[in-house]
Amino acid sequence: MVDRLRSAAEQLEAPTCPDCHIEMRWYRSELLADVPVPVISHLFVCPHCKRAAKTDTIFEGTQGPPPKLSAPRFMAYAA
């Protein structure tokens with residue numbers, strides 16, 4: 001989960017404030033959904049007018065189940 005958050009933050013581009021036309025600053029990120037597809041929401045705030053903006057990162061191609069499930073070596077049979 002932390003690795004997903006870090007990778008999403010590295011790829012962020014800060015939006016431009018529609019009122020002030022300056023780059024907004026990152027405020028925080030939060031996990032909105034983990035199953036079936038991870039979604040992280042990023043919140044930005046304009047340093048001048050304090051207007052807020054939100055962008056979402058949606059991950060695709062998450063890992064599926066393992067190809068082979070493990071089983072016990074010996075099975076005891078009840079008689």
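The values are calculated or read from the model by the stated rules, or taken from the named source; none is laboratory data. Computed from a predicted structure; not experimentally measured. Quick reminder, even Gly has a Cβ in these numbers, built from the backbone with ideal geometry, and neighbours come from all protein chains shown. When the accessible area is computed, the model is the full protein with side chains, heavy atoms only, and any ligands, DNA or RNA have been set aside. Shrake-Rupley method; radii C 1.70, N 1.55, O 1.52, S 1.80 Å.
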* **Residue within the stretch 6-17 that is open to solvent by 80 Å² or more (accessible area, probe 1.4 Å), in contact with a strand residue (DSSP E or B) (Cβ under 7 Å, 6 or more places away or on another chain), at pLDDT 85 or above and not basic (Lys, Arg) present** => yes
* What tally of residues in the stretch 43-79 results from selecting those that are out of contact with any Pro (no Cβ under 8 Å at 6 or more places or on another chain) and either over 30 Å from ASP3 (Cβ atoms) or modelled with pLDDT under 90 (or both)? -> 24
* **Pick from the stretch 22-54, criterion aliphatic (A, V, I, L, M) and in a loop (DSSP other than H, G, I, E, B), ranking: farthest from LEU12 (Cα to Cα)** => VAL35
* Restricting attention to the stretch 23-37, and to residues there that are in contact with a Phe, Trp or Tyr (Cβ under 7 Å, 6 or more places away or on another chain) and hydrophobic (A, V, I, L, M, F, W, C), which single residue is least open to solvent (accessible area, probe 1.4 Å)? -> MET24
